[in-house]
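What follows is a single structure, written as structure tokens, with notes after it.
FYI, it's all coordinate maths here, none of it is from the lab. What you see is a predicted model, and the numbers here were worked out from it, not measured in a lab. Ideal geometry is used to build each Cβ from the backbone, glycine not excepted, and the neighbour counts take in all protein chains shown.
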């Protein structure tokens with residue numbers, strides 16, 4: 001059930017905090033990314049969106065941190081949009097857009113209409129939110145089109161996994177969040193891991209995800225939602241199983257970085273009997289993992305190729 005009092009309190013705090021900020025900062029040019037302009041009001045709007053999507057309120061103590069995060073996410077989305085604009089054939093699937101928006105509102109324990117009201121109360125047109133999600137969906141479509149021929153799935157491993165599923169009557173699902181940080185030199189690895197762990201301890205997993213993670217989930221505090229154990233690789237599963245609820249896993253080393261998983265909740269469901277459905281889930285999960293790897297790599301190349309100019 002939606003906690004209306006909590007929502008009203010959240011909206012009032014956020015609204016008045018940003019009334020003060022908007023009075024202090026003029027809407028002048030902040031930066032250009034190639035030929036696209038970013039204004040100071042774009043950064044302010046991004047801070048509001050980040051706070052709302054993560055159910056947080058503004059505090060003056062976090063202002064510098066929030067500005068830094070907002071700049072990073074705005075630049076990243078702009079760079080993606082520049083690349084997307086080169087491919088005129090890309091189109092957004094409206095059903096996918098609605099699903100993403102409903103997923104976000106559900107994570108915040110409210111319906112979509114209430115979420116729209118929260119944004120409206122904070123001076124944000126909901127079409128701006130839709131555009132942000134459209135950019136992410138188009139980016140995912142673009143990455144698939146570019147790299148679909150490189151999505152090589154090990155069919156034998158999938159078949160082995162299916163054999164083990166046939167014996168199960170129940171299956172677990174995990175509510176997970178993630179942080180992915182860039183790889184570092186071997187001699188700096190231990191220091192970096194300890195640094196991330198300390199930051200999680202002092203500021204919270206979600207804040208570190210927003211501020212440090214290179215994953216697409218960073219703007220949502222790293223939230224991955226409910227993940228069925230059938231689509232989790234053995235390496236990941238062993239880490240998750242040994243991580244108590246509410247705690248963070250040992251680091252998992254990926255080709256694109258270092259992954260930390262937070263196990264927020266666990267539930268048990270009846271195992272589905274349709275093995276073809278199970279196979280499709282396993283294949284899709286493997287494809288998603290490969291596409292995420294290509295997405296990070298592709299963005300990294302684009303970031304180095306664009307011209308970014310900042311203005312006082």
statement: Computed on Cα atoms, Rg of the range 155-275 relative to 2.2 N^0.38 Å comes out at 1.16
task: Compute the long axis of helix 275-305 from its Cα atoms, compare it with the longest principal axis of the Cα atoms of the chain, and write down the angle in degrees, 0 to 90, nearest 10.
output: 40 degrees
- request: Evaluate the range 244-309: find the radius of gyration of its Cα atoms, find its Kirkwood radius, and give the ratio Rg to Rh.
  value: 1.13
- prompt: In what sequence do 203, 73 fall when counting other Cβ within 10 Å, fewest first?
  reply: 203, 73
message: Pick from 68, 279, 86 the residue whose mean-square fluctuation is largest in a GNM of the chain, springs joining Cα atoms under 10 Å.
response: 86
- line: Descending packing, highest mean Cβ count within 10 Å first, for 302-311, 235-244, 212-221 is 212-221, 235-244, 302-311
message: I need the per residue convex hull volume for the range 43-149, using only the alpha carbons, in cubic angstrom as a whole number.
response: 115 Å³
message: Using only DSSP helix segments of four residues or longer, with each worth -39500 (n - 2.57), what per-residue ellipticity at 222 nm results for the chain after dividing by its residue count and rounding to 500?
response: -19000 deg cm²/dmol
- line: Stretched fully, the stretch from residue 126 through residue 85 gains (0.36 nm per residue minus C-alpha distance, one decimal, in nm) 12.6 nm
field: Percent of C-alpha pairs per 20 Å bin, the chain, short to long
entry: 28, 60, 12, 0
message: Neighbour counts of other C-beta atoms within 10 Å: give me 267, 77 arranged from fewest to most.
response: 267, 77
task: Could you give the C-alpha radius of gyration of the range 229-282 expressed as a fraction of 2.2 N^0.38 Å, taking N as the number of residues it contains?
output: 1.32
message: Just want the ordering: 157, 178, 91, 100, from fewest to most Cβ atoms lying within 10 Å of their own Cβ.
response: 91, 157, 100, 178
query: Per residue and in cubic angstrom, what volume does the convex hull of the Cα atoms of the range 47-97 have?
result: 78 Å³
Cα-Cα pairs of the range 94-215 separated by more than 19 Å (percent): 72 percent
- prompt: How far, in nm, would the chain grow between residue 309 and residue 193 when pulled straight, counting 0.36 nm per residue and subtracting the alpha carbon separation?
  reply: 38.5 nm
